[in-house]
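No value in this document is a laboratory result; all are computed from the given coordinates. Every value quoted in this text rests on a predicted model; they were computed, and no experiment measured them. Methodologically, a virtual Cβ is constructed for each residue, glycine included, from the backbone with ideal geometry; neighbour enumeration extends over all protein chains shown.
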Amino acid sequence: MLDVATSAPSAALPAEAAEGRLDLGALFTESEVPEFLAELDEGLIGLKPVKRRIREIAAHLVIGRAREKLGLTSGAPTLHMAFTGNPGTGKTTVALKMAQILHRLGYVRRGHLVSVTRDDLVGQYIGHTAPKTKEILKKAMGGVLFIDEAYYLYRPENERDYGQEAIEILLQVMENQRDDLVVILAGYKDRMDRFFESNPGFRSRIAHHIDFPDYEDAELVEIAKTMAADADYTFSPEAEVAIEEYVAKRRLQPNFANARSIRNALDRMRLRQSLRLFESGGLADRAALSTISEGDVRASRVFAGGIDAPDYKPQTE
Amino acid sequence: MRITQGTFSFLPDLTAAQVKAQIQYALDQNWAVSVEYTDDPHPRNTYWEMWGLPMFDLRDAAGVYGEVEACRTAHPGKYVRVNAFDSNRGWETVRLSFIVQRPEKEDGFRLDRTEGPGRTQRYALQHRSYAAG
């Protein structure tokens, strides 16, 4: 099969299929997956291992389709996934992209993403959980069910917890209706590992475990610039230096949530910028309205020692 | 006697794929789909028993079809129908309703004639499974 893999794309796909050859290049292009992968590469900064895994999965799915066409057994692949990683590492964003890729390849029929947490699945009293979980599952049919912080479903300290009921229903549907929906579990790495240890049924039903690494400092700066550009803001050169320092400092402080922290910081910088312009009065041109200056960045509490130390004396920079 | 009410009732029974396709059409129109069952298919019996609540915000027929299957399993030998309700302003009515299960042997109806005061004749349609008793 591999020798046909490198042949040039051609339009005569059905004829080739008839004589037992398939043009993988054409198959790949037809599926529109390359565009998605390119978009993923461009749209998401960093996350190299994640991108590679997604590329692998996408290739596997395309090959699965090719095998089907030539009458080889492919079987419905198990597509349930687990995304583990710290907060703000892009798990939800990637899940959304994953839903689109699976839709393009025809592994889910609608390609929508239903994002839920424990509250949406588990009821408050006996007999409440099953209908609630089933309701969500019905909504997710034909698409992707994304369960954020999935480990909260299982509470070992309370044996009467209704989470177990939701887990059982989930497992049953994950096994029996693999054609109808794909389940993606997400959460912090260590807690997900413990969750899988106590629910071996889950681990065995999930084919792809993808670990989302933390962003590098440089990547976070890049993300800040991209986010700012998307909102029509630019950083002054001094502000860029300040951002780099900000990222390095913020990482060491509690509740650091990668890209999400950067998003929040950016929101506050925009607030400060607005206030600065508002108070300075006078004329403001396009550049002034769109530029975030060094002062807007450096006014952050992060430079004053962080959230935990409001009275901390600012260090000399 | 084969009961003919709702859409497609003059056609042979719909296959699973056909039922799913109809449900998918209804969902694509943003209609809320519900499942109902009864043992009394009298034309005047508008309100059948509800199998769960109408299903809103669904995207794919698989969810609804699961409920159809569950209803069939729980009520073999009864009539089961699928309704699609259009909640858009200007409609707010059932746009599609079709039977997805019938009893193996359909009893049909019997015409009862009662004599009233004077020479009045009153006629009533009775479902045979009730009328037998």
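Per residue, chain A reaches -16500 deg cm²/dmol at 222 nm when only DSSP H runs of four or more residues are counted, each adding -39500 (n - 2.57). Using only Cα positions of chain A, each an equal point scatterer, no hydration layer, compute I(q)/I(0) via Debye at q = 0.07, 0.08, 0.12, 0.13 Å⁻¹ and quote the log10 values to two decimals. For the requested q values the scattering log ratios are -0.40, -0.51, -0.94, -1.02. Counting Cβ atoms of other protein chains within 10 Å of each residue's Cβ and taking the mean over peptide A:106-112 gives 2. Angle of helix A:258-280 to the longest C-alpha principal axis of chain A, folded into 0 to 90 degrees and rounded to 10: 40°. Inter-chain Cβ neighbour count for A:132-142, averaged per residue, equals 5 (cutoff 10 Å, partner chain atoms only). The label point for A:ARG205 and the one for A:ALA288, both projected 7 Å from the Cα toward the Cβ, are 6.1 nm apart.
Name the residue, out of A:LEU72, A:LEU181, A:LEU22, whose mean-square fluctuation peaks in a Gaussian network model built on chain A with Cα pairs under 10 Å. Most flexible of the set in this elastic network: A:LEU72. Computed from Cα atoms, the angle from the helix A:129-140 axis to the main principal axis of chain A rounds to 90 degrees. Computed log10 I(q)/I(0) for region A:42-200 at 0.08 Å⁻¹: -0.25, from the Debye equation with unit scatterers placed on every C-alpha and solvent omitted. Across chain B, the longest run free of exposed loop sites, meaning trypsin sites (Lys or Arg not before Pro) lying outside DSSP classes H, G, I, E and B with no more than 10 other Cβ atoms within 10 Å, spans B:45-88. For region A:112-194, the list of chymotrypsin sites (Phe, Trp or Tyr not before Pro) that fall in a loop by DSSP and count at most 12 other C-beta atoms within 10 angstrom reads A:TYR125. Taking a sphere under 15 Å around the Cβ of A:HIS112 and counting the other residues whose Cβ falls inside, with K and R at +1 and D and E at -1, yields a net charge of +3. Find, among the chymotrypsin sites (Phe, Trp or Tyr not before Pro) in region B:36-102, those assigned to loop by DSSP (not H, G, I, E, B) with at most 16 other beta-carbon atoms within 10 angstrom. Taking region B:36-102 and a limit of 16 other Cβ atoms within 10 Å, the loop chymotrypsin sites (Phe, Trp or Tyr not before Pro) found are B:TYR47, B:PHE56, B:TRP91. Bridge orientation summary for the protein assembly as shown: considering DSSP beta bridges with both residues in this region, about 55 percent are antiparallel.
Take the Cβ atoms of A:LYS51 and A:GLN253, set R0 to 25 Å, and the FRET efficiency comes out at 0.30. Against the longest principal axis of chain A, how steep is helix A:91-104, in degrees 0 to 90 to the nearest 10, with axes from Cα atoms? That works out to roughly 30 degrees. With contributions of -39500 (n - 2.57) from each DSSP H run of at least four residues, the per-residue ellipticity at 222 nm computed over chain B stands at -7000 deg cm²/dmol. For a Förster distance of 22 Å, can you work out the FRET efficiency between the beta-carbons of A:GLU68 and B:ALA16, rounded to the nearest 0.05? Approximately 0.50, to the nearest 0.05.
Taking a point 7 Å out from the Cα of A:SER280 in the direction of its Cβ, the residues of region A:230-254 whose backbone N falls within less than 19 Å of it are A:232-243. Of A:ALA207, A:ALA59, A:ALA231, which has the largest mean-square fluctuation in a 10 Å C-alpha GNM of chain A? In this elastic network of chain A, the residue with the biggest mean-square fluctuation among A:ALA207, A:ALA59, A:ALA231 is A:ALA231.
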